[in-house]
1. Looking at (1) open to solvent by 50 Å² or more (accessible area, probe 1.4 Å); (2) touching a residue at least 60 places away in the same chain (Cβ under 8 Å); (3) charged (D, E, K, R), can you tell me which one LYS219 breaks?
2. Any idea which residue in the stretch 178-216 is nearest to GLY233 (Cα to Cα), counting only those that are outside any loop (DSSP other than H, G, I, E, B) and touching an Asp or Glu at 6+ places or on another chain (Cβ under 8 Å)?
3. Within the set of pairs 6+ apart or on separate chains, which have a first residue in the stretch 155-170 that is closer than 18 Å to VAL296 by Cβ and aliphatic (A, V, I, L, M), a second that is open to solvent by 30 Å² or more (accessible area, probe 1.4 Å) and not in a helix (DSSP H, G or I), and C-beta atoms under 9 Å apart?
4. I'd like the full set of residues that are surrounded by fewer than 19 Cβ atoms within 10 Å (Cβ to Cβ) and over 19 Å from the mean Cα position of the chain (by Cα), limited to the stretch 283-301.
5. Would it be correct to say that GLU132 is open to solvent by less than 70 Å² (accessible area, probe 1.4 Å) and modelled with pLDDT under 95?
6. Out of the residues in the stretch 177-194 meeting the condition of being open to solvent by less than 60 Å² (accessible area, probe 1.4 Å) and within 19 Å of GLY244 (Cβ to Cβ), tell me which one is nearest to the chain's Cα centre (by Cα).
7. Quick check: anything in the stretch 122-143 of a type in the set (A, V, I, L, M), outside any helix (DSSP H, G or I) and closer than 23 Å to LYS257 by Cα?
8. Please find, within the stretch 304-326, the residue that is nearest to ALA279 (Cα to Cα) out of those that are open to solvent by 90 Å² or more (accessible area, probe 1.4 Å), in a loop (DSSP other than H, G, I, E, B) and of a type outside the set (D, E, K, R).
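The values are calculated or read from the model by the stated rules, or taken from the named source; none is laboratory data. For clarity, every value in this text was computed on a predicted model and none was experimentally measured. A quick note on method: Cβ atoms are made from the backbone with ideal geometry, for glycine too, and the neighbour counts reach across all protein chains shown. Ligands, DNA and RNA are excluded from the accessible area calculation, which covers all protein heavy atoms including side chains. Shrake-Rupley method; radii C 1.70, N 1.55, O 1.52, S 1.80 Å.
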Amino acid sequence: MGKSSKKKDAASHQGISYDVGGDDVGRMFCEHNRDYCHICCVDHRLCNRHIEENTGIKKKETETENAARMYATTLRALRGMERMVPRPSKEVFEQNRQFRDEFKEKLDRLAKAGEDVQPIMQRAIDKENNDELDMHAMMQSMSQLNPGQTEFEMGGEESQKIYDEFVKGPQGKESRADNYTCSYCEKAGTVTLQRCSRCKKASYCSRECQVAAWPAHKKNDCVKSKIEAKKLGLTWEQVEAHEGETARGTLEVKAIKDESMTRQVFQCKDRVGMCRRIAAYTKSRKISGLKTGATVKWKNPKFHYFMDGSSGARIEEEDLKNITIV
């Protein structure tokens, strides 16, 4: 990240204006140096993503990816509107249904033209579902911490504290390198990627991605180093890429939402914000120490698809020796 600078943002909370820090690329952060902050009531994540694409740090969203993202966004908006009190007007519902149908028709046209739409659309839907799951996880933790209370205020120091402790995913160290996800196109794979020979941190899946990323990478992120950066832990997507085979490395996720019934089941978030289920198929149907807010570290994990259509990790008795709960 480039040198920090300060500028005034229009965002405010309870009548208080907040200063926003920005780096040389133009990415925005609140006064607490966050791109997503409950105290300041700001979310710069999507804006910062667009800035990274426009400056060449990240590969630009394709037409298919844009249509899939907008389709997933309208699906989530319609679900949210169904729960709103008071309910939005019929006109607002109809407008959002129209948006949904337009983006779905566009995706269908792209599929007929030969685009591999389904995995892109599913990834966009998963991303929106993860953001929605964050809210449900927040409400669950707030309810557990405040028994009997039925209304909660989102925003402020209390909800930030709950988010950091129970919902925020494990944070990968900025000094470490991602061995299996391309720094430019963000495609995850199963083999160790080639690193930038100058900074020894940025990783690329192909010569094409490295060449496309080089102008922005050289200007903004490439700091010459003689030492090879240590590798980051695995993400859900990287484990899934192994198609059920053992992934070499350590998956590190935070348990953010308890969905247990006859056995322990938790929604668990990785360092990039992706959530998947961990289910205990052990003799006790539990994993010792697993609770909301706990971090699960699983050495050499395997991905699993459950019969209900969800996915993540099925923990057997023999897996416990490779699992640490923090």
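1. Failed condition: (2).
2. THR181
3. Final answer for the pair search is VAL167/LYS257.
4. LYS283, SER284, ARG285, LYS286, SER288, GLY289, LYS291, LYS299, ASN300
5. Yes; evaluated as a whole, the condition is true for this residue.
6. Once the filter is applied, the top-ranked residue is ALA188.
7. no
8. MET307
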